[in-house]
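Please treat every number below as a calculation from the coordinates, not as lab data. No experiment lies behind these values; they were computed from the predicted model shown. Cβ sites come from the backbone with ideal geometry, for glycine too, and all protein chains shown count toward neighbours.
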């Protein structure tokens, strides 16, 4: 089979859509549905791998509405990996959730089809975000992800999930509306600087970005930063993030944390690349660094006093997004590469963490970490995965996050912000102490609450282990894996403004 | 155009005064009618092709007929529910709107003195800020939805003035998004009525920290 890039992209975009239509109609038996779900995601994953092999990182592909360069390929790879993991863990999760004895969805077994339809549409829209070539369409798709994922967050329609969703939709829609204002200003800039050809086309605007009016550009950037920053979950606008992440079904939390927020970072990067030549690096860099580190600083105390395990993970996500935005603000090659690598590692590890947290919630029937003890004895496999993923997300050596965090800190020192590097290190240490304290308490001791036994199956254990190992191998051996290495270097070049 | 701005400011102020949900929805619809007329006026002053008519027609269909219709149907179902209404918030939001109007004009004078669309820019700043204040100060879910649409209308008006609307594909996408947003919010509100017996969002305060 020799498929060219266009055909592969069509396959990637067609399969999830077809599947979600099928599962929304809900006439298939449950087993067929589960297997079809796995088949579709594996097919998309295979198509992405083939795309990765045929795609030359330095030659972008441009269609009428589609644009694929190294940066979008990198994002597509992250989303594709999570999609694959989602499909191979979803059966185990849904079986537990619809379990007659204790599952949340026990009375609503028929909702599985709807869950699959929404999740696949959600992933499909995220793929669109990274594939469209137009800043306006990027805005449209980002807003669409909010709306689709809102239905997923509220999927169980409990009181708390309704509250979380209401907050999520309200806060994010207002933020995204501000980003629309920013996009309109960017369009205005384009009209006044380069005429009305190719409206809002990213590539065209980058090629002509020299003669942009700096005052208007700064104005636009402020709105875009606040708008997409809300969606990323940067500190003063983060109110929705812990609620939505903690109340959503575990699989959705994983997708939200792993891929949705970095899609918002991706769109912000696309806008920054256009506006950077006229605004100048200092202004953008200052804002990104300040809000990035501020986000980490806000997240640390909340982690320490947290009782809800998924909320704790949500705050840990905030810390990582803060780190990514700060890395973006450094504007040195090593930090840009580290940021992209961190997106990848964080997505994989955080997905496995949320999945494990969801399993623990089913095993102990509570989210409260103070009431969970003795996991090592009662549920050894879950405990093992939880400990491994936590150690991974905190940035301990054998796992992928260690490399990306290390390069990032190294970036702080090469970019001549040594003090910010020191502050970040201290904050990260605080994070580590806070999270390890809670997790180690859960591991040992005598449990007052009996668990309902080990719920980790074979397929999901293999998937989660695969995620952890893949992230570790990909980051440790990056210089040996030529495809990934070239892709990462080209993507980092685009982030820094050099378009291939 | 001047008359339109006057009517628009009037309707926005009315929006801050209304506590009855049905009237709030009607207010929202009339506000969108004015926006649609503004779309037609600006569109026809620039040509007669499809891009001149499209935004106005879309605004009429989506924001005048569909969205208020959907919200109105929801309001009809909310007959006997627990009411938690405070009059002071109404006065605060009107006062805030007055402040925003002054602020809008002051901002326009400072940024672009003597420009053509001065009144429209001020009106759209008023709409954006009033929409925000409705969402923050008011507690009823329906009023918050109205605030969100007001905010969106304000941004849309500003865009209309600055760039005569976005490119056609993007414009379609934006309308689609607003449509889906309202559908999602209506679903959420009706679910909220089922589980909390009220659509007052101040009962939802469980998630903290």
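Can you tell me the order of B:98-107, A:41-50 when each peptide is scored by its average per-residue count of other Cβ atoms within 10 angstrom, highest first? Kindly include the intermediate steps, with their values, before the conclusion.
Numbers: B:98-107: 15.8, A:41-50: 19.4.
Ranked from most to least packed, the peptides come out as A:41-50, B:98-107.
Can you sort A:61, A:155 so the residue with the fewest Cβ neighbours within 10 Å comes first?
If I rank by nearby Cβ atoms, fewest first, I get A:61, A:155.
Please state the shape class of the stretch B:152-209: rounded when a/c is under 1.5, otherwise prolate if a/b exceeds b/c and oblate if not, all from the C-alpha gyration tensor. Could you put the intermediate results ahead of the total?
Details: a/c = 3.57, a/b = 2.47, b/c = 1.44.
Note, shape of the stretch B:152-209 comes out prolate.
For the protein assembly as shown, I need the span (max minus min coordinate) of the C-alpha atoms along each principal axis, in Å, sorted largest to smallest.
Cα spread of the protein assembly as shown along its principal axes, largest to smallest: 75, 61, 53 Å.
Label points 7 Å out from Cα along the Cβ direction at residue B:208 and residue A:448: separation in nm?
Here the modelled spin labels are 2.3 nm apart.
Quick one: length gained pulling residue B:6 to residue B:115 fully straight, 0.36 nm per residue minus the C-alpha distance? Don't skip to the answer; put the middle values down first.
Working: separation 109, 0.36 × 109 = 39.24 nm, distance 1.79 nm.
Result for the pair: 37.4 nm of gain on full extension.
Cut-off is 10 Å between beta-carbons; in what order do A:130, B:186 appear when sorted fewest neighbours first?
Lowest count first: B:186, A:130.
Would you compute, from DSSP H runs of 4+ residues alone, the mean residue ellipticity of the protein assembly as shown at 222 nm, taking -39500 (n - 2.57) per run and dividing by the full residue count, rounded to the nearest 500?
-25500 deg cm²/dmol
Taking every residue in B:161-169, how many Cβ atoms of other protein chains lie within 10 Å of its Cβ, on average?
On the way: counts 2, 7, 11, 2, 2, 10, 10, 1, 8.
The shielding value for this peptide is 6.
How well do other chains shield peptide B:181-189, expressed as the mean number of their Cβ atoms within 10 Å of each residue Cβ?
Counting other chains' Cβ atoms within 10 Å and averaging over B:181-189 gives 5.
If all Cα-Cα distances of the stretch A:1-147 are sorted into 10 Å bins from 0 onward, what percent lands in each bin, rounded to whole numbers?
The distribution over the stretch A:1-147 is 11, 38, 31, 14, 4, 0, given as percents.
Let me make sure I get this right: for the stretch B:62-209, a, b and c are the square roots of the gyration tensor eigenvalues over alpha carbons, sorted descending. Under 1.5 in a/c it's rounded, otherwise prolate if a/b > b/c, else oblate. Which is it?
Note, shape of the stretch B:62-209 comes out oblate.
Find how much the distance from residue A:437 to residue A:39 grows on full extension, using 0.36 nm per residue of separation minus their present alpha carbon separation; answer in nm with one decimal. Walk me through the numbers on the way to the answer.
Numbers: separation 398, 0.36 × 398 = 143.28 nm, distance 4.03 nm.
Length gained, residue A:437 through residue A:39: 139.3 nm.
Using a Förster radius of 51 Å, what is the FRET efficiency between residue B:66 and residue A:480 based on their Cβ-Cβ separation? Nearest 0.05, please. Please report the intermediate quantities before stating the final value.
Values: r = 56 Å, r/R0 = 1.10.
With a Förster radius of 51 Å, E is 0.35.
Which value results for Rg/Rh of the stretch A:348-423 when Rg is the Cα radius of gyration and Rh the Kirkwood radius based on the inverse mean 1/r?
Taking Rh as the inverse mean 1/r over Cα pairs, Rg/Rh reads 1.15.
List A:187, A:65, A:407 from most exposed to least, where exposure is judged by having the fewest other Cβ atoms within 10 Å.
Numbers: A:187 24, A:65 13, A:407 21.
Listed from fewest to most nearby Cβ atoms, that is A:65, A:407, A:187.
Mind checking the full-extension length gain between residue A:14 and residue A:95? Use 0.36 nm per residue of separation minus the Cα-Cα distance, one decimal, nm.
Length gained between residue A:14 and residue A:95: 26.4 nm.
Once label points are set 7 Å from the Cα along Cα→Cβ at both residue B:195 and residue A:305, what is their separation, rounded to one decimal in nm?
According to this spin-label approximation, the distance is 2.6 nm.
Per Stokes-Einstein, at 25 °C and 0.890 mPa s, what whole-number D in µm² s⁻¹ belongs to the stretch A:435-474, with the Kirkwood radius over Cα pairs as the hydrodynamic radius?
Roughly 192 µm²/s, to the nearest whole number.
Please work out whether the stretch A:218-318 counts as rounded, prolate or oblate from its C-alpha gyration tensor, where a ≥ b ≥ c are the square roots of the eigenvalues and a/c under 1.5 means rounded, while otherwise a/b larger than b/c means prolate and anything else oblate?
Note, shape of the stretch A:218-318 comes out prolate.
Round to the nearest 10 and give me the degree value, 0 to 90, for the angle of helix B:168-196's Cα axis relative to the longest principal axis of chain B.
Long axis of B:168-196 versus the principal axis of chain B: about 10 degrees.
Let me confirm one metric for peptide A:195-208, namely the mean number of other chain beta-carbon atoms within 10 Å of its residues' beta-carbons.
That works out to 1 on average.
One quarter of the convex hull surface, Cα atoms only: what value does that give for the stretch A:269-363 in nm²?
On the way: hull surface 26.8 nm².
Answer in nm², one decimal: 6.7.
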